[in-house]
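The values are calculated or read from the model by the stated rules, or taken from the named source; none is laboratory data. Just so it is clear, the model here is predicted, and its values are computed rather than measured. Virtual Cβ from ideal backbone geometry, glycine too; neighbours counted across all protein chains shown. All accessible areas refer to the heavy atoms of the entire protein, side chains included, with ligands and DNA or RNA removed. Shrake-Rupley method; radii C 1.70, N 1.55, O 1.52, S 1.80 Å.
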Amino acid sequence: MSWFEAIVLGLVQGLTEFLPISSSAHLRITAAFAGWGDPGAAFTAVTQLGTEAAVILYFGKKIVNILSAWFFSLYKPEYRSDPDARMGWLIIVGSLPIVVLGLLFQEKIEHAFRDLRLIATTLIVFGILLWIADRIGRKERDLDHLTVPHGLGYGFAQALALIPGVSRSGGTITGGLLLGYRRADAAEYSFLLAIPAVMGSGFYKLADIGAGQGPAVGPTILATIVAFGVGYVVIAWLMAFIKKRTFVPFVLYRIALGILLFVLVFSGVLDPEAGPVV
């Protein structure tokens, strides 16, 4: 992987991680369109450390409150009814599905799930599901209404993002809307819920960077830094956008991109398994 590729892919990661359009799909598609090798699941996981650092910075005060209240709740009974301590436990509960399924399907995540035909399908199908959820969701609940079953529901929705094209934020926001949560609250819990899973996956995959045919260390670090800066701007923009607007523009984009991918694959312009992992 060249330094130029790293900058481009870092920009793509930062731009798409928090929008409900799938960053892993866009990294895969960008490389295929440019004729580059597939950056691979390890590169995606590590560059997501940059975007999650942006989440930690943006929601810093809230995260500190959650962590401190959760820690005190372990041995101080008076903290166990604190909303922030409760949120800490719900983030742990919601993280369980993706940890278990990620380990079970690791081989498919790194290979079979990266087929462009599957990505095109998930872009379209989960785009339609997001549109349905945005239309029929009651949008009455805030995060004070979050329960353990709801946390698990969010968690299983997040786990679907192990398949490129689903979108971590798109899947969890769709789940939240179907459960009746407001757009901004669904997005906020989605971002907070992603922190343990993404950080864990990123650090777990660090050993694969620079090893064998994996991406080199230097370009991966550059891409991660670029993703952090761009990602922070995108979070701020999206949180303001969804307070006033629907998810329809993202739905239309997903469907159009999925159709374009199918056309390019079935016309022979793109190989569905284009590009070795580099």
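The angle between the Cα long axis of helix 148-159 and the main principal axis of the chain comes to about 10°, on a 0 to 90 degree scale.
Share of carbon and sulfur in the accessible area of the chain stands at 69%, probe radius 1.4 Å. Relative to the longest principal axis of the Cα atoms of the chain, helix 3-16 runs at roughly 40 degrees.
Which residue fluctuates the most in the chain, going by a Gaussian network model with Cα springs under 10 Å, if the choices are PRO219, PRO97, PRO149? Greatest mean-square fluctuation among the candidates belongs to PRO149. Seen against the Cα atoms of the chain and their longest principal axis, helix 116-136 is set at about 30 degrees. Within a straight-line Cα-Cα reach of under 18 Å, LYS205 can be paired with the following lysines, leaving aside sequence neighbours fewer than 8 residues apart in one chain: LYS108. Magnitude of the charge dipole for the chain, about its Cα centre and with charges confined to Cβ atoms of Lys, Arg (+1) and Asp, Glu (-1), is about 780 debye. For Rg and Dmax of the Cα atoms in Å, the candidate list reads [x] 18.5, 59; [y] 20.6, 66; [z] 18.3, 64; the entry that matches the value derived from this model is [z]. Residues whose amide H falls under 5 Å from that of ARG141, counting only those 5 or more places apart or on a different chain, are TYR181, ARG182, with hydrogens built in the peptide plane. Take region 31-85 with all the other protein chains still there, run a 1.4 Å probe, and you get 46 Å² of accessible area per residue.
Taking amide H positions as modeled 1.01 Å from N, with prolines and chain starts lacking one, the residues under 5 Å from ASP38 and 5 or more places away or on another chain are VAL277, VAL278.
Using C-alpha pairs below 8 Å separated by at least 6 residues, the relative contact order for the chain is 37 percent.
Computed over protein heavy atoms with a 1.4 angstrom probe, the accessible surface ordering of VAL217, VAL198, largest first, is VAL217, VAL198.
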